[in-house]
Amino acid sequence: MEMSQQYNSLIQNHLTLKLVPISIRELLFISNAPCDIYGIKEGLFHRTLRKGVFTNKPLLRDLIAKGQIHLFVERKNRGLIIETVQKNLLNVTRSLSVGNPQEKGRMVMNLLTINMGYLYVDPTNDAHLKLQHQCAKNLAYFLINRIDMLEALQKDFIKQKHHFVFAQPLIASIFLLGLMKYSQLYSDQDIENLFITSYFKDIGMSAIPAEKYDQDNLTEREKELLSKHAEHSVQILKGRLPLSPNHLNIILHHHSFSLLTNDLHLDLKSKEQSGELIAGFETMLVTVMDVISAMITGRPFRPPTKIFESLDLIKILIADQYPQEFRLIVSFFKSFFFDKK
């Protein structure tokens, strides 16, 4: 009995050194487990899913119901999970026009967000960045040509409650795409280019670990890195994505509000008064969509606001300088959230 306990203890210690965490979200888009997947039961590691098992949604829902949400794989197999997710992302993106477009759009948006997590962990990985860019462009083209599906896809995506660091760029960019299409003032190519600019503008936030965004007690160094995320985004993207100098300039000056503040009104008003927030019409569009999407989806340190509360704040910031554009923004969001045909 004692020998058995010692053996089990050795196995647990060995697993502790070998295992790394994964998200259960990753398994939602993998048809078969590419390796053994471990969970925690009664404080001990145990094999939850064997390699090759069919990871269907009922199985995963059962794991969640049992509290098996903390999953792990061996460090050497972490790449297999990433590779499988990315292969699925590429395959679904290439087949957006085949099958149920609503379901395909939903899958691409979720897979893109998971891959954004991989990219934030390793922002200099050219393969991750190239895949993200290619698939984001395909999604933009898909949405531009199926604008009637935008509302349902966006609302469903928000309900998925991905970590806001990875979800925020897509939520803001889809609102931006919808607004530009709604205005009937932009070519499809212009919409796609600004969608991509908006989507990658915050990649400089990868300078600090994602879990830090759930805290309001960052170190001064971490706050400094976060405040300079726009500069870091340009450094990461320049020469690696086909962004024009104008679009890189939009990224450099988009100056999103601090994710650390508990008083959005004071933070945004301060930036507006100092001239930091608005620097050019397209920059204004990108910034405003970012602000609105952040406010209505909430953060760990503050609850979400209602859409008209966020528009009231935007009114303070841009209505004097861009009165017609502000009315257009209000009309778009009224149509998006309230008008039903």
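For segment 18-65, which residues satisfy the criterion of being outside any loop (DSSP other than H, G, I, E, B), surrounded by 15 or more Cβ atoms within 10 Å (Cβ to Cβ) and small (Gly, Ala, Ser)?
39 - this is the single residue of segment 18-65 that is outside any loop (DSSP other than H, G, I, E, B), surrounded by 15 or more Cβ atoms within 10 Å (Cβ to Cβ) and small (Gly, Ala, Ser).
Being open to solvent by 20 Å² or more (accessible area, probe 1.4 Å), touching a Leu at 6+ places or on another chain (Cβ under 9 Å) and of a type outside the set (D, E, K, R), is that true of even one residue in segment 331-340?
Checked segment 331-340: no residue is open to solvent by 20 Å² or more (accessible area, probe 1.4 Å), touching a Leu at 6+ places or on another chain (Cβ under 9 Å) and of a type outside the set (D, E, K, R).
Here is a yes/no grid of residues against (1) surrounded by fewer than 21 Cβ atoms within 10 Å (Cβ to Cβ); (2) touching a helix residue (DSSP H, G or I) at 6+ places or on another chain (Cβ under 8 Å); (3) of a type in the set (Phe, Trp, Tyr):
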{"position": "69", "(1), (2), (3)": "yes, yes, no"}
{"position": "79", "(1), (2), (3)": "yes, no, no"}
{"position": "91", "(1), (2), (3)": "yes, no, no"}
{"position": "94", "(1), (2), (3)": "yes, yes, no"}
{"position": "99", "(1), (2), (3)": "yes, no, no"}
{"position": "104", "(1), (2), (3)": "yes, yes, no"}
{"position": "115", "(1), (2), (3)": "no, yes, no"}
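Does residue 132 satisfy the condition of being open to solvent by 50 Å² or more (accessible area, probe 1.4 Å) and not in a loop (DSSP other than H, G, I, E, B)?
Considered against the rule, which asks whether it is open to solvent by 50 Å² or more (accessible area, probe 1.4 Å) and not in a loop (DSSP other than H, G, I, E, B), residue 132 comes out as no.
Taking into account only those residues within segment 151-161 that are part of a helix (DSSP H, G or I) and open to solvent by 10 Å² or more (accessible area, probe 1.4 Å), which is nearest to residue 335 (Cα to Cα)?
151
Return the total of residues in segment 293-315 being within 22 Å of residue 202 (Cα to Cα) and basic (Lys, Arg).
Adding up the residues that qualify gives 2.
Please find, within segment 162-201, the residue that is farthest from residue 129 (Cα to Cα) out of those that are without any contact (Cβ under 8 Å) to a residue 60 or more places away in the chain, of a type outside the set (S, T, N, Q) and not in a helix (DSSP H, G or I).
Only one residue fits best here, namely 185.
Does residue 148 satisfy being open to solvent by 50 Å² or more (accessible area, probe 1.4 Å), closer than 22 Å to residue 83 by Cα and among the acidic types (Asp, Glu)?
Taking the combined requirement at face value, the residue does not satisfy it.
Considering only segment 279-330, how many residues are assigned to a helix (DSSP H, G or I) and either over 22 Å from residue 157 (Cα atoms) or open to solvent by less than 50 Å² (accessible area, probe 1.4 Å) (or both)?
35
Whether any residue in segment 106-119 is over 22 Å from residue 335 (Cβ atoms) and more than 14 Å from the chain's Cα centre (by Cα) is what I want to check.
no
Looking at this structure, is residue 87 assigned to a helix (DSSP H, G or I), modelled with pLDDT of 80 or more, in contact with a Lys or Arg (Cβ under 9 Å, 6 or more places away or on another chain) and open to solvent by 40 Å² or more (accessible area, probe 1.4 Å)?
Taking the combined requirement at face value, the residue does not satisfy it.
The values are calculated or read from the model by the stated rules, or taken from the named source; none is laboratory data. These numbers were taken from a predicted model, which means no experiment stands behind them. Please note: Cβ atoms are built from the backbone with ideal geometry, for glycine as well, and neighbour counts cover all protein chains shown. These area figures cover heavy atoms from the full protein model, side chains too; ligands, DNA and RNA do not enter into them. Shrake-Rupley method; radii C 1.70, N 1.55, O 1.52, S 1.80 Å.
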